[in-house]
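Participant: The structure is given below, and queries will be raised subsequently.
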Amino acid sequence: MVALYEAHKKIYPRSVTGFFSRWRWACVFLTQLVFYGLPWLEWGQRQAVLFDLGARRFFIFNLVLYPQDFVYLTGLLVISALGLFLFTAVAGRLWCGYACPQTVYTEIFLWLEKLTEGDRSARMRRDAAPWTADKLLRKTAKQGLWMGVALWTGFTFVGYFTPIHTLSSEVLAWTLGPWEIFWVLFYGFATYGNAGFLREQVCKYMCPYARFQSAMFDKDTLVVTYDQERGEPRGARSKKADPAALNLGACVDCSLCVQVCPTGIDIRKGLQYECIGCGACADVCDTVMDKMGYARGLVKYSTQNAVSQHWTPAQTLRHVLRPRVLVYAGILGAVVLAMLVSLYLRPAFKVDVERDRGALARIASGGRIENVFRLQVMNATETSQRFQIAVEGLPGLAVASEPAIDIDATQSRWVAVRVQLPYEGAAAGSHPIHFTVTAEQGGARVTEKSVFIVPR
Ligand code: SF4
Ligand code: SF4
C-alpha cells in the first residue's frame, strides 16, 4: 500500500529566548496592544475606529469614510502589497516570522501551553502517558485559557463593527444579536483552531504567501542561514575538545535548532519553503555556541552571496540595499505620500448628481423649461452643515427649488433640484451644465457635471 499523504506529526516546539525571540515578543505586544486596545479608544463622542457597516460609514479617528471612498482601501492594499515586496526583498519572510496573526496567536497559545503543560519534553512525555487526574486538569486548564483568549479575540473583532461599549452591555445582558453571536464565535473559533491546532500547517499548506515568496527572493535577500562551511562535518564532542583535531566543524549536532523550530524543519538542510524566518534556530544555536565557547552566528540572518563570498556584515548590508530594494522603497514612499496628500485634500463633503428619470424636460409656469435632478450630498464632517446649491452652463439657468439644504453630521441626503431655463434660452438638444455645492461653513465647494435637456 502506498500512502499519497504523509500522516501529520505533531510538533512540540521548545521554548527559546534570545535576541530574535525578544523582537518577536515585542511584535506580539505591539500588535495585540493595538488590536485589543483600539476599539476601546474614544474620539470625541464616539469610538475612534469603527467600521459601521449598517450606516455605511467608516470612522477612523477624525476621518469619516463613505463607500464612495473605496479608492483609499485600494490605496491601502497597494501600500500593503508594496510593503510586502520591500520587506521580502530585504529580509525574506519577516512578516511571517514576526507580525503575521498566525505567528502572533501561535506564540500566545504556545506560551499558555507552556504555562499549563510545561516545555517540550514535559508535553511530549505527558501526551505519551496514560490519562491521569493531573493530565486532565492541565489539559482542561489549557483549553479553558485558549478558549478565553479566542473568545476575547472574537469579541474584539466584532467590536470594530459594533460599538464595543454597546457590545459589552449586550454580552452582560445576554442580548447579543444573532449576527454578533455568529461572528464572535466564528472569529474565536478560527483563532482557536488556527493557533491551537493547525499552527504550522496553515503556513505550510494554506497560506498562499509561502508559495510565491521564492519569486521575491534573490541571492542578496537576508534569510536564516546555516553556515555549512563552518558547521560541517557536524558531530558531538566535549566542550574541552578541539574540533580541528577531531576533524569536526562548529555544529555539535545537538538538534536544538530543530526542536525550537515551529514548523519542525532542519535549517541545516538549507533554505526550505516551510521556514517562516522566525530566527528561533539562530537564537538557540547562539546559546549553544556560547556554551561551547565558539563564535556566535553558525545559524544567522545572512544572504546567499554573503555566505559564499565571506562578506562582513557591513558588506552584506551594502548589498542588501540594492537597486531593486531602493526602487520598491521609492515607489512605496511615493504611494504613501500621495495617499496622505489626497486624504488631507479630501473635501469635507461629497456630491452625486442624477437626472430624474421620470421626466426629461417640461414647460413650467411662466413658460420656462424645467429639468429635475436628484442630488445626493454627503456630509463627511462630524458637525451639521448647510449647503448652497448653484447651477451654471447656460445663460439664465437657475435653481428654482430651495437652493440651501441642511445635513446632519456624517449623514447624506437625496434632494430633488428643479433647474429652469428661460424659453428659447438654448437650442433644442442636450447641453452640458454643472452644479456647484458650497458649504456655508468654511466655504469648501464641490462641482459636478450633468446635462440639461431642451425639448424640440
Ligand atoms: S543548534 Fe546549532 S549546534 Fe545545535 S544542531 Fe543546530 S546548528 Fe548544530
Ligand atoms: S528554520 Fe529557523 S527560522 Fe526557519 S522557521 Fe524554523 S526556527 Fe524559524
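Participant: Give me the pairs, please: first residue somewhere in region 384-404 and in contact (Cβ under 8 Å) with a residue 60 or more places away in the chain, second residue anywhere and open to solvent by 50 Å² or more (accessible area, probe 1.4 Å), beta-carbon distance under 9 Å, and either six or more positions apart or on two chains.
Facilitator: none
Participant: Check region 214-234 and report whether any residue there is within 16 Å of ligand 1 (Cβ to nearest atom), basic (Lys, Arg) and surrounded by 14 or more Cβ atoms within 10 Å (Cβ to Cβ).
Facilitator: Among the residues of region 214-234, at least one is within 16 Å of ligand 1 (Cβ to nearest atom), basic (Lys, Arg) and surrounded by 14 or more Cβ atoms within 10 Å (Cβ to Cβ), which makes the answer yes.
Participant: Moving on to the next point. Of these, Leu256, Leu298, Leu271, which one is within 14 Å of ligand 2 (Cβ to nearest atom), farther than 26 Å from Val28 by Cα and in contact (Cβ under 8 Å) with a residue 24 or more places away in the chain?
Facilitator: It is Leu298.
Participant: Still on this structure, I have one more. Which residues, counting only those in region 288-315, are within 14 Å of ligand 1 (Cβ to nearest atom) and surrounded by fewer than 14 Cβ atoms within 10 Å (Cβ to Cβ)?
Facilitator: Asp290, Lys291, Gly293, Ala295
Participant: While we're looking at this one, here's another question. Would you check if Gly277 is in contact with an Asp or Glu (Cβ under 7 Å, 6 or more places away or on another chain), under 30 Å from Tyr209 (Cβ atoms), more than 13 Å from ligand 1 (Cβ to nearest atom) and part of a loop (DSSP other than H, G, I, E, B)?
Facilitator: Against the criterion (in contact with an Asp or Glu (Cβ under 7 Å, 6 or more places away or on another chain), under 30 Å from Tyr209 (Cβ atoms), more than 13 Å from ligand 1 (Cβ to nearest atom) and part of a loop (DSSP other than H, G, I, E, B)), Gly277 does not qualify.
Participant: If you check Val34, Val28, which single one turns out to be open to solvent by less than 40 Å² (accessible area, probe 1.4 Å), in a helix (DSSP H, G or I) and closer than 30 Å to Cys275 by Cα?
Facilitator: Val28
Participant: Taking strands (runs of 3 or more DSSP E) that fall entirely within region 347-420, which contain at least 1 residues that are aromatic (Phe, Trp, Tyr) and under 21 Å from Gln441 (Cβ atoms)?
Facilitator: Where strands (runs of 3 or more DSSP E) fall fully within region 347-420 and carry at least 1 residues being aromatic (Phe, Trp, Tyr) and under 21 Å from Gln441 (Cβ atoms), they are 349-355, 385-392.
Participant: Another one. Might you check whether a residue that is over 26 Å from the mean Cα position of the chain (by Cα) and open to solvent by less than 20 Å² (accessible area, probe 1.4 Å) occurs anywhere in region 137-150?
Facilitator: Checked against the condition, which is being over 26 Å from the mean Cα position of the chain (by Cα) and open to solvent by less than 20 Å² (accessible area, probe 1.4 Å), region 137-150 yields at least one hit.
Participant: Further, regarding this structure: Just name the residue that is nearest to Leu198 (Cα to Cα) out of those in region 240-273 that are open to solvent by less than 40 Å² (accessible area, probe 1.4 Å) and charged (D, E, K, R).
Facilitator: Asp266
Participant: Test each condition in (1) free of Cβ contacts under 8 Å to residues at least 12 places away in the same chain; (2) outside any loop (DSSP other than H, G, I, E, B); (3) near ligand 2 (Cβ under 8 Å from one of its atoms) for Asp290 and report the one that comes out false.
Facilitator: With (1) free of Cβ contacts under 8 Å to residues at least 12 places away in the same chain; (2) outside any loop (DSSP other than H, G, I, E, B); (3) near ligand 2 (Cβ under 8 Å from one of its atoms) applied to Asp290, the lone miss is (3).
Yes/no per residue for (1) basic (Lys, Arg); (2) within 43 Å of the chain's Cα centre (by Cα):
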| residue | (1), (2) |
| --- | --- |
| Pro403 | no, no |
| Ile407 | no, yes |
| Trp414 | no, yes |
| Thr436 | no, yes |
| Gln441 | no, yes |
| Arg445 | yes, yes |
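The values are calculated or read from the model by the stated rules, or taken from the named source; none is laboratory data. The model shown is predicted, which means the values in this text are computed figures rather than measured ones. We place every Cβ from the backbone using ideal geometry, glycine too, and count neighbours over all the protein chains shown. Calculation scope for accessible area: heavy atoms of the full protein, side chains included, ligands and nucleic acids excluded. Shrake-Rupley method; radii C 1.70, N 1.55, O 1.52, S 1.80 Å.
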